[in-house]
Ligand SMILES: [Zn+2]
Ligand SMILES: [Zn+2]
């Protein structure tokens, strides 16, 4: 989970998070020699030069974590014996993991030595061989899916979302170990059941760009039934929405006191097709990277990993978007029919085209402007209360909670983008055609 994803401020190594019954300590993956230092954990995303590789080959992005007892390697080749102590957690990429699963420490060492440029007779290669042999022989049963990897995002498609969803539900139901808090069987069952029933939402690229643009500024937002779409849902953006967490999708499952919410990264690996198939079968396309229980009225803002999801909910609740069914792959539809399941549905959500009314309002604004260009981007207005008039003669007032909303010209969703400027200037030109005194565009 990303909140446990720490790196050492001194050396840049992604640190192992060791859980001692809820108390987490952070260790270097390999304890350095004489010049060793204590790990100084900072959130990994804050490190400019993060080093996170497979602990075996030092080349590929890791995918699995193996557990062993503490391993000590003593090298006796030099003038005096040198002891190196290693951590008890070993991150392995998909290929190295396959070798570990096959108990093939010889190939594992050959692969790693080749990556380091060591010959089999080199002392380093021999120490490595000893470590690999020990990992393979003494590893505890099972392995944990690493949920902090920075894999390339994979190209998800709206048409295959039902299959992606089914595989994800299978991951929660199946034997693959996940870190806390997803190591709880009951939670996993709830999440899988929620996904089975989930409405599937695909956010088109323009809406995704809008969310990416505004999520960091999200004001404090209370999560309530007003903004969370009813039932359970799985929502996928056209591409990862934030550079910090690279979240590609999120799901929510209603609970009596709120919602279980999980964010996912998509899993793209550079593997041969057969190895990739194995990963898709075991893991799927989405890896849970952040899980939270949101109680009703819980407050989320731009610093939260859930900012992108909450911003997307708000924009949908604000009715800036429209949804329509989008075709699902025929092979998936047929598989659903064979299994006598309800036909799968994916809703494509996009930003509404500017309405005629808003276009004329825009023109009016341009006409009455004092010569300064109108704002060409949208911005958040924070949550507030409004006194709503009601009753006979609108004589009574009641307090109404207003959720944060995006303000700014329709059709100009993305701050400072070229598209916005072109649209803006077209409108100004149209206004200029109609009125003799065009506003000067000082932008
Ligand atoms: Zn360090
Ligand atoms: Zn590897």
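The values are calculated or read from the model by the stated rules, or taken from the named source; none is laboratory data. Quick caveat: nothing in here was measured; it's all calculated off a predicted structure. Here Cβ is always computed from backbone atoms with ideal geometry, including for glycine, and neighbour counts include all displayed protein chains.
Say we look at the range 21-51 and pick out the residues that are assigned to a strand (DSSP E or B) and under 21 Å from residue 135 (Cα atoms); which of these is modelled with the highest pLDDT?
The first filter runs over the range 21-51 and keeps only residues assigned to a strand (DSSP E or B), leaving 23-27, 30, 41-43, 51.
Those still in the list that are under 21 Å from residue 135 (Cα atoms) too: 26-27, 30.
On the way: 26: 91, 27: 88, 30: 71.
Among them, the one singled out is 26.
If I filter the range 219-233 for residues that are without any contact (Cβ under 8 Å) to a residue 40 or more places away in the chain and buried (at least 20 other Cβ atoms within 10 Å of the Cβ), do I get at least one hit?
Quick first cut of the range 219-233, residues without any contact (Cβ under 8 Å) to a residue 40 or more places away in the chain only: 230-233.
The next check asks that each one be buried (at least 20 other Cβ atoms within 10 Å of the Cβ); those that pass are 232-233.
Taking every residue of the range 219-233 in turn, at least one turns out to be without any contact (Cβ under 8 Å) to a residue 40 or more places away in the chain and buried (at least 20 other Cβ atoms within 10 Å of the Cβ).
How many residues are within 16 Å of ligand 1 (Cβ to nearest atom) and within 34 Å of the chain's Cα centre (by Cα) if we restrict to the range 60-84? First the steps, then the outcome.
Let us first name the residues in the range 60-84 that are within 16 Å of ligand 1 (Cβ to nearest atom), namely 84.
Cutting the leftovers down to within 34 Å of the chain's Cα centre (by Cα) gives us none.
Number satisfying all stated conditions: 0.
Quick check on the range 320-334: of everything there that is in contact (Cβ under 8 Å) with a residue 24 or more places away in the chain and more than 16 Å from residue 214 (Cβ to Cβ), which residue is surrounded by the fewest Cβ atoms within 10 Å (Cβ to Cβ)? Write out each step before concluding.
Within the range 320-334, the first condition is being in contact (Cβ under 8 Å) with a residue 24 or more places away in the chain, and the residues that meet it are 320-324, 326-329, 332.
From what's left, more than 16 Å from residue 214 (Cβ to Cβ): 322-324, 326-329, 332.
Details: 322: 13, 323: 14, 324: 8, 326: 17, 327: 10, 328: 20, 329: 16, 332: 19.
The qualifying residue surrounded by the fewest Cβ atoms within 10 Å (Cβ to Cβ) is 324.
Would you confirm, using the coordinates I've provided, whether residue 57 is more than 16 Å from ligand 1 (Cβ to nearest atom), within 18 Å of residue 132 (Cα to Cα), touching a residue at least 12 places away in the same chain (Cβ under 8 Å) and under 22 Å from the mean Cα position of the chain (by Cα)? Outline the logic, then answer.
Working: more than 16 Å from ligand 1 (Cβ to nearest atom): yes; within 18 Å of residue 132 (Cα to Cα): yes; touching a residue at least 12 places away in the same chain (Cβ under 8 Å): yes; under 22 Å from the mean Cα position of the chain (by Cα): no.
So residue 57 does not fit the description; no.
Looking at the range 46-60, which of the residues that are within 16 Å of ligand 2 (Cβ to nearest atom) and over 15 Å from residue 111 (Cα atoms) is surrounded by the most Cβ atoms within 10 Å (Cβ to Cβ)? Break it down into steps so the answer makes sense when it comes.
Narrowing the range 46-60 to residues within 16 Å of ligand 2 (Cβ to nearest atom): 51-60.
Checking the rest, the ones that are also over 15 Å from residue 111 (Cα atoms) come to 51-52.
On the way: 51: 13, 52: 21.
For the range 46-60, the residue satisfying everything is 52.
Kindly indicate the residue of the range 1-14 that is within 8 Å of ligand 1 (Cβ to nearest atom) and within 23 Å of the chain's Cα centre (by Cα) and also surrounded by the fewest Cβ atoms within 10 Å (Cβ to Cβ) among those meeting that condition. Reasoning before the result, please.
Applying the first criterion (within 8 Å of ligand 1 (Cβ to nearest atom)) to the range 1-14 yields 8-13.
Remaining after also requiring within 23 Å of the chain's Cα centre (by Cα): 8, 12-13.
Numbers: 8: 23, 12: 14, 13: 21.
Across the range 1-14, the extreme among qualifying residues is 12.
Do we have any residue at all in the range 378-398 that's crowded, with 16+ Cβ neighbours inside 10 Å and modelled with pLDDT under 85?
The answer is yes, given that some residue of the range 378-398 is crowded, with 16+ Cβ neighbours inside 10 Å and modelled with pLDDT under 85.
Inside the range 61-166, counting only strands (runs of 3 or more DSSP E) that do not spill past its ends, which hold 3 or more residues that are modelled with pLDDT under 95 and surrounded by fewer than 18 Cβ atoms within 10 Å (Cβ to Cβ)?
Values: elements: 64-67, 71-75, 82-86, 89-92.
Counting at least 3 such residues, we get 71-75, 82-86.
Could you check residue 56 against (1) farther than 28 Å from residue 274 by Cβ; (2) part of a loop (DSSP other than H, G, I, E, B) and say which number it fails?
(1)
Let me confirm something: among 9, 14, which residue is in contact with a strand residue (DSSP E or B) (Cβ under 7 Å, 6 or more places away or on another chain) and within 30 Å of residue 281 (Cβ to Cβ)?
Values: 9 fails: within 30 Å of residue 281 (Cβ to Cβ).
Just one listed residue meets the conditions, 14.
Evaluate the range 33-45: report whether one residue or more is near ligand 1 (Cβ under 10 Å from one of its atoms), in contact (Cβ under 8 Å) with a residue 12 or more places away in the chain and surrounded by 15 or more Cβ atoms within 10 Å (Cβ to Cβ).
yes
Here are some residues: 171, 145, 156. Which one is at negative phi and within 16 Å of ligand 2 (Cβ to nearest atom)? Walk me through it before giving the result.
On the way: 171 fails: within 16 Å of ligand 2 (Cβ to nearest atom); 156 fails: within 16 Å of ligand 2 (Cβ to nearest atom).
Answer to the check: 145.
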